Amino acid sequence: MEFDETLAAQMQRLREQQKKQLAELSAARDGIRQQLTDVNNQLAYLNQIQSELVKFRDKLITDLGEGTRGLKNRGTRQAPGTLIKAYRKALEANPQGLTAREVADWVKENMENVNVGAMPAVMSKAVTDGNLNKDGYGRHFLV
């Protein structure tokens, strides 16, 4: 009888320890979530400041009358997501998979006015982000 009481007391202590550890883990996760929110807010703020500084710099250059010397012509930039849409179209048309160079060639051939110079880098990032799969032969596939 005494053995059962000792065992029951030990089990109760273990349950209490487990409950305490779960509460600590939950509190730690809440703290991490808050830190992540803070970091995301800081990044958004920094992006806003960067955008304002670029506009200010461009205005100063314009005020100097030197045009966009040394700056990329912003009028010729592709819309955000253009390369992503392009590689998705290419891979949808070729479910057997294509290498990044083959995708770039397909896009040049089938889509007008798309600059494919950064296609391999965009596709590599997509693989890293889990948006594309890549086999051992360098062929990319839609997820």
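The values are calculated or read from the model by the stated rules, or taken from the named source; none is laboratory data. Model, not experiment: these values are computed from the prediction. Positions of Cβ are backbone-derived with ideal geometry, glycine not excepted, and every protein chain shown enters the neighbour counts.
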Note to self: Take the conditions at pLDDT 95 or above and either part of a helix (DSSP H, G or I) or surrounded by 10 or more Cβ atoms within 10 Å (Cβ to Cβ) (or both) and apply them to Gln78. Does it pass?
What the structure shows: no
Notebook entry, point to check: Quick one: how many residues across segment 124-141 are part of a helix (DSSP H, G or I) and either outside the structural domain of Ala104 (by the TED database) or surrounded by 12 or more Cβ atoms within 10 Å (Cβ to Cβ) (or both)?
Noted result: 4
Item checked: Test: residue in segment 31-45 that is within 30 Å of Val114 (Cβ to Cβ) and either of a type in the set (Lys, Arg) or at pLDDT 90 or above (or both) -> yes
Note to self: Suppose we keep only residues that are more than 14 Å from Lys89 (Cβ to Cβ) and in contact (Cβ under 8 Å) with a residue 24 or more places away in the chain within segment 101-123. Which one would you say is surrounded by the most Cβ atoms within 10 Å (Cβ to Cβ)?
What the structure shows: Asn115
Margin query: I want to confirm something. Restricting to segment 48-74 and keeping residues that are of a type in the set (Gly, Ala, Ser) and either assigned by the TED database to the domain that holds Thr128 or surrounded by 10 or more Cβ atoms within 10 Å (Cβ to Cβ) (or both), which single residue is modelled with the highest pLDDT?
Written below: Ser51
